[in-house]
1. So for the stretch 39-59 (the condition being in contact with a strand residue (DSSP E or B) (Cβ under 7 Å, 6 or more places away or on another chain), under 20 Å from residue 113 (Cβ atoms), in a strand (DSSP E or B) and among the small types (Gly, Ala, Ser)), does at least one residue qualify?
2. Checking residue 10 against (1) more than 23 Å from residue 139 (Cα to Cα); (2) modelled with pLDDT of 85 or more; (3) not in a strand (DSSP E or B), which test does it fail?
3. Scan the stretch 91-109 for residues that are in a loop (DSSP other than H, G, I, E, B) and modelled with pLDDT under 90 and report the count.
4. For residue 135, state whether it is under 21 Å from residue 75 (Cβ atoms) and part of a loop (DSSP other than H, G, I, E, B).
5. Considering each of 117, 127, 141 in turn, give the residue that is modelled with pLDDT of 90 or more, open to solvent by 10 Å² or more (accessible area, probe 1.4 Å) and in a strand (DSSP E or B).
Amino acid sequence: MENYRVAKVVRDHKEESITSVDWTSDGNYLLTASDSILCLYNAASAFVSRAPSGTTHGCAGATLTQDYLAVLCASRPAGSRNAASVEEAHAIRYLSLHDNAYMRVFTGHSAAVVSLSMSPSADIFASTSMDQTMRLWDLRSPHCIGVTRIEGDARRPVAT
């Protein structure tokens, strides 16, 4: 560790706490997310490559997909005051950073989503929630393709 030093300090999130950090598989881009800001950094230049205007539903966490300009965002319930249902308040949104548009909304969790994990080889991802479930999703369909109940004392379940 003594050979390492700070190369860049991220200040684009202003006063908000960063909720998640993710790298592209090739290491060329870094995604950082806070409640209202997503930033995609070019690792070579250390400058923001894309920064959508903001997430209207809040962002409790985010992860990149195989396409570095497409991101999965877990809604922050407090940021979803206009949600039509509990499921909508705890939705996962598939966001295009290219045009800042939602491509799909995944609903099914009944409590805050606390973990998102994208498959490195397929268009599927896993999510876990404070509702004590893990769900498996396919990016091409808004419907859950698998769900399992997490038994035990998992206060904040994580899938990877």
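The values are calculated or read from the model by the stated rules, or taken from the named source; none is laboratory data. In this text, all values refer to a predicted model and were calculated from it rather than measured experimentally. In this analysis, Cβ positions are derived from the backbone assuming ideal geometry, glycine residues included, and neighbour counts consider all displayed protein chains. Ligands, DNA and RNA are stripped out before the accessible areas are found, and what is left, the full protein with its side chains, is counted by its heavy atoms. Shrake-Rupley method; radii C 1.70, N 1.55, O 1.52, S 1.80 Å.
1. For the stretch 39-59, residues in contact with a strand residue (DSSP E or B) (Cβ under 7 Å, 6 or more places away or on another chain), under 20 Å from residue 113 (Cβ atoms), in a strand (DSSP E or B) and among the small types (Gly, Ala, Ser): absent.
2. Of (1) more than 23 Å from residue 139 (Cα to Cα); (2) modelled with pLDDT of 85 or more; (3) not in a strand (DSSP E or B), only one is false for residue 10: (2).
3. To start, the set of residues in the stretch 91-109 that are in a loop (DSSP other than H, G, I, E, B) comprises 91, 97-100, 107-109.
Applying the additional criterion that residues be modelled with pLDDT under 90 yields 97-100.
Selection size over the stretch 91-109: 4.
4. Criteria not met by residue 135.
5. Working: 127 fails: open to solvent by 10 Å² or more (accessible area, probe 1.4 Å); 141 fails: in a strand (DSSP E or B).
Step by step, each of 117, 127, 141 is checked, and only 117 is modelled with pLDDT of 90 or more, open to solvent by 10 Å² or more (accessible area, probe 1.4 Å) and in a strand (DSSP E or B).
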